[in-house]
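Novice: This is the structure, below, for whatever I ask next.
The values are calculated or read from the model by the stated rules, or taken from the named source; none is laboratory data. For clarity, every value in this text was computed on a predicted model and none was experimentally measured. We place every Cβ from the backbone using ideal geometry, glycine too, and count neighbours over all the protein chains shown. Please note that ligands, DNA and RNA were not included when accessible areas were found on the heavy atoms of the full protein model with its side chains. Shrake-Rupley method; radii C 1.70, N 1.55, O 1.52, S 1.80 Å.
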Amino acid sequence: MKALERLLDRIIQRVNINLRELEFDVNPLVQNLIPPKQMTKFYAFYGITPHHPLNFQFRHSNLAGSYFLGKCRVTNSLLYKSDIRGDELKKKCDLFQYQNFEIPVNKDEEIEIDDSFLIKTLVHNHSHDPETLEKFFIRDTISTHYANIHGSPVDGSFLGPFSTLDLTTTWDCLIGAF
């Protein structure tokens, strides 16, 4: 339990650093949101299909009750009953159409979740950011109950309950409750 508490403290600190210009403290909103014992009660699941290469890595993370599909990497994160869907990840040699450009994808796209706390969050990959074709990232982010991250790389943000990010990239943002 101490390791989970230290990891949560680390994530809270990283998000607070990103949101310092907004003078927003996430600590009171998430400190007791999920009892630590809940994080040890559930298994994580990884979907295997003939259309998705088996590629899943996690380090220093807790994935309690979460479901994953597609190429995923999770580091220093807490995921509680979240749904991480990589069924629309771009493949190597795909051509990504952006305005008048056809951009070749150099390697298979991967979902990367680093230093984040996602609570009952749906992450659906269908990204449209031409600057990050091979990486769909969620970094230094806390997402509360039933938030939806759809095709939206996120860095240093806080998502309130039932909030939705759709086809955009956010940096150091507060997304309020729906």
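Novice: Looking at the structure I just gave you, is I138 in contact (Cβ under 8 Å) with a residue 24 or more places away in the chain, open to solvent by 20 Å² or more (accessible area, probe 1.4 Å) and part of a strand (DSSP E or B)?
Specialist: Working: in contact (Cβ under 8 Å) with a residue 24 or more places away in the chain: yes; open to solvent by 20 Å² or more (accessible area, probe 1.4 Å): no; part of a strand (DSSP E or B): yes.
Here the answer is no, as I138 does not meet what is asked.
Novice: Name the single residue, out of those in the stretch 41-56 being within 10 Å of L69 (Cα to Cα) and of a type in the set (S, T, Y), that is modelled with the highest pLDDT.
Specialist: So in the stretch 41-56, the residues within 10 Å of L69 (Cα to Cα) come out as 45-49, 52-56.
Of the ones still in play, those that are also of a type in the set (S, T, Y) are 46, 49.
Details: Y46: 94, T49: 84.
Per the stated criteria, the residue is Y46.
Novice: Please verify whether E112 is farther than 15 Å from L29 by Cα, open to solvent by 20 Å² or more (accessible area, probe 1.4 Å) and not in a loop (DSSP other than H, G, I, E, B), treating the condition exactly as stated.
Specialist: Taking the combined requirement at face value, the residue satisfies it.
Novice: Moving to a separate point now. Among the residues in the stretch 83-101, are any open to solvent by less than 70 Å² (accessible area, probe 1.4 Å) and closer than 23 Å to L8 by Cα?
Specialist: Yes; the residues of the stretch 83-101 include at least one that is open to solvent by less than 70 Å² (accessible area, probe 1.4 Å) and closer than 23 Å to L8 by Cα.
Novice: Moving on to the next point. State which residue is most open to solvent (accessible area, probe 1.4 Å) when the search covers only the stretch 59-71 and only residues that are modelled with pLDDT of 95 or more and assigned to a strand (DSSP E or B).
Specialist: R59
Novice: For the stretch 7-41, what are the residues that are open to solvent by 80 Å² or more (accessible area, probe 1.4 Å), closer than 17 Å to N62 by Cβ and not in a helix (DSSP H, G or I)?
Specialist: N32, K41
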